[in-house]
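Nothing in this text is a laboratory measurement; each read-out follows from the coordinates by a stated rule. All values derive from a computational prediction rather than experimental measurement. Cβ atoms come from the backbone with ideal geometry, glycine included; neighbour counts cover every protein chain shown.
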Amino acid sequence: MDMLLVWEAPMFGDFFSRALIAGVGLAAVTGPLGCFVVWRRMSYFGDTMAHSALLGVALSILLSINMTFGVFAVAALVAGALLLLQKQNTLSTDALLGILSHASLAVGLVIVGFLTQVRIDLMAFLFGDILAVSVQDIAIIYGGGIAILAILILNWRPLLAATVSPELAEAEGLKPEVSKIILMILMASVIAIAMKLVGVMLITSLLIIPAATARRLSATPEMMAVVAAVLGAVAVVGGLFGSRSWDTASGPSIVVMALAIFLVSLLVPTARLFGRREHNGA
Amino acid sequence: MDDQRKPENLITLTNAGVKRGGRVLVEGVSFSIARGEIVTLIGPNGSGKSTTAKMATGVLKHTMGSVSRKPGLTIGYVPQKLAIDWTLPLTVDRLMTLTGRHGAAEIDAALDAVGAAHLRKAAVQELSGGEFQRVLFARAMIRKPDLLVLDEPVQGVDFSGEVALYDLIRQIRDRTQAGILMISHDLHVVMAETDTVICLNGHVCCRGTPSAVKTSPEYLRLFGERAGSALALYEHHHDHEHHDDGCVVGAESGHEHAHHHHEHEGHGHGR
């Protein structure tokens, strides 16, 4: 009943429902894409790309270009740089990620410091401001989200095959290197559209937590992708209502809600229900 | 081509090799695989077996010699081992359509052919080594490949499992008439049905039927005297005569220096 009042209050209704629509749209994309992040053990990689988003913001302002595009470009560049550095075979991927992640965040913060002529709400970029989402932002999220999902669905089989075994995919005529690049571009895109909602520090949690939760409830990769999208949407809705009720920060509340769902899922022994051999009986 | 038993060459390598960054990975490899023919690449680690297989299938571009493949060649690949992380929920059923679309009836038939029909609903993480290997064979065969590439097919399978898998390979060959390219570093085990064994160590050291290779001086020098006595051949209904290629030791006349170098490298690997 309390929630209904909130929903219909004229002061809130507009931006609150915009936040809900935007967040659910984002979760629909981060769920399936997050599955690949979990399967391919790319969570720190995703984190690094997300941290570089702040550098993207700073450069966009500096060069006065579209911010979504700027963030996408920088995240994609950082991913590309990592791929090249990995081929050098000098430092471990782990160390390279650590360098790129924090260096790009620091450079971004330094540049933001120089931008005295523009007032920047740093907290909004670091932790997101989903309640400030505009109709235009929603258009970007849904337009971009549908494009990302379409690319993901159209390339699903090769992407999955490359994840299961690059050698096998390659031997049977697929191109696992291309799959890798597609996934990186999709991740850069998601970071670009998600940054305003949950901020650079929390983007990867929306990728990883719903997917990790979905694993226990799924028997196939496709099922896991759908379940992750649904759980992500539930976390967004629950987190936003929670933040309304307890007056907490919206972005972190969504992540806390996702974590709560994850913890509850640990109590459900459903994984045992799947993958039974027929001759095993019970 | 000139032999009735070889109606159609699926893959032909002529003096093929790969050089990368100034380093020769493998060179001077010549062989062909026809339908129903089994070719086994054998050699120590780093001898260029995988490179040769990749060159044959086109995954790796050859930089020397020539490689030709039958147009539209379909390849089925059985990997050495496939560690599928728990985070990826994958049933046997879903694994069967990993690289292509196949109907339920096809999946049933392919699993049935390897005696794994009862595993269809199982999660791949639950399978034993031998079961998983059978399922991987079924997955490769559902593609109706012209050429089946087997990377260390009996790796990590116990002795009776090994015999059973070789039986399976033989059945697959007889039933589908697919060409088979097998990679092995297990020098103790070579299928007797192998038409040609090619010993690699950066180049072709020796080649021939399994029994010819077993006694070849090049083979013994490469893998040590002990390997020769231990090389076991899985014999089974030997109903056809092997054309004896003998050991083409002379083919390496131009590679004396390279040969020496490789032998040096191979020291640590002999077993």
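Taking chain A as a Gaussian network, where each spring joins two C-alpha atoms under 10 Å apart, which residue of A:PRO32, A:PRO221, A:PRO269 fluctuates the most?
Top of the fluctuation ranking is A:PRO269.
What does the C-alpha gyration tensor say about the overall shape of chain A? Classify as rounded when a/c is under 1.5, otherwise prolate if a/b is larger than b/c, or oblate.
oblate
Take peptide B:54-66, look around each residue's Cβ out to 10 angstrom, count Cβ atoms belonging to other protein chains, and average those counts.
Other-chain Cβ atoms within 10 Å of each residue's Cβ, averaged: 1.
Which of the peptides A:165-172, A:48-55 is most tightly packed, and how do the rest follow, judged by the mean count of other Cβ atoms within 10 Å per residue?
A:48-55, A:165-172
Mind telling me which of A:ALA150, A:ALA249, A:ALA258 comes out most flexible in a GNM of chain A, alpha-carbon contacts under 10 Å?
A:ALA150
From the phi of every residue in region A:221-229, what ³J(HN,Hα) in whole Hz does the Karplus formula 6.51 cos²θ - 1.76 cosθ + 1.60 yield, where θ is phi - 60° and glycine or proline is x?
Each residue's phi maps through the Karplus curve to give x, 5, 5, 4, 5, 5, 4, 4, 5 Hz.
How many nm is it between the label spots at B:ALA109 and A:ALA124, if each spot is 7 Å from the Cα in line with the beta carbon?
So the two model labels end up 6.2 nm from each other.
Give me a single rounded figure for A:167-180: the average over its residues of other chain Cβ atoms within 10 Å of their Cβ.
Details: counts 8, 12, 4, 6, 14, 14, 10, 3, 0, 0, 0, 0, 0, 0.
Counting Cβ atoms of other protein chains within 10 Å of each residue's Cβ and averaging gives 5.
Under a crude label model (7 Å from the Cα following the beta-carbon direction), how far is B:LEU73 from B:VAL163 in nanometres?
Inter-label distance under the simple model: 3.5 nm.
Normalised by the residues of region A:2-266, what does the relative contact order come to in percent, with Cα pairs under 8 Å and at least six apart? The partial results should precede the final answer.
Numbers: 387 pairs, mean separation 83.2, N = 265.
Result for region A:2-266 is 31 percent.
Can you tell me the FRET efficiency between B:MET64 and A:THR248 if r is taken as the Cβ-Cβ distance and R0 is 51 Å, rounded to the nearest 0.05?
It comes to 0.15.
Running a GNM on chain A with Cα contacts under 10 Å, which residue among A:ASN89, A:ASN66, A:ASN155 ends up with the highest mean-square fluctuation?
Maximum fluctuation in the GNM of chain A, among the listed residues, is at A:ASN89.
Averaged over its residues, how many other protein chain Cβ atoms are within 10 Å of peptide B:121-129's Cβ atoms?
Averaged over the peptide's residues, the number is 3.
What pairs in B:LYS19/B:LYS214; B:LYS61/B:LYS214; B:LYS54/B:LYS121; B:LYS49/B:LYS81; A:LYS87/A:LYS180 have C-alpha atoms more than 22 Å from each other?
B:LYS19/B:LYS214; B:LYS61/B:LYS214; B:LYS54/B:LYS121
Hey, what do the phi angles of region A:185-197 turn into as Karplus ³J(HN,Hα) couplings, whole Hz, using 6.51/-1.76/1.60 and θ = phi - 60°, x for Gly and Pro?
Result, rounded to whole Hz: 5, 5, 5, 4, 5, 4, 4, 4, 7, 8, 3, 5, 7.
Could I have the simple spin-label model distance between B:GLN177 and B:ASP85, label points 7 Å from Cα toward Cβ, reported in nm to one decimal?
About 4.4 nm separates the two model spin labels.
Using each residue's phi in region B:47-62, evaluate 6.51 cos²θ - 1.76 cosθ + 1.60 at θ = phi - 60° and report the 3J(HN,Hα) Karplus result to the nearest Hz, with x for Gly and Pro.
Each residue of region B:47-62 in turn: 8, x, 5, 5, 4, 5, 5, 5, 5, 5, 7, x, 5, 10, 7, 6 Hz.
Under the classification rounded if a/c is under 1.5, otherwise prolate if a/b is larger than b/c and oblate if not, where does region A:17-166 fall, given a ≥ b ≥ c as square roots of the Cα gyration tensor eigenvalues?
oblate
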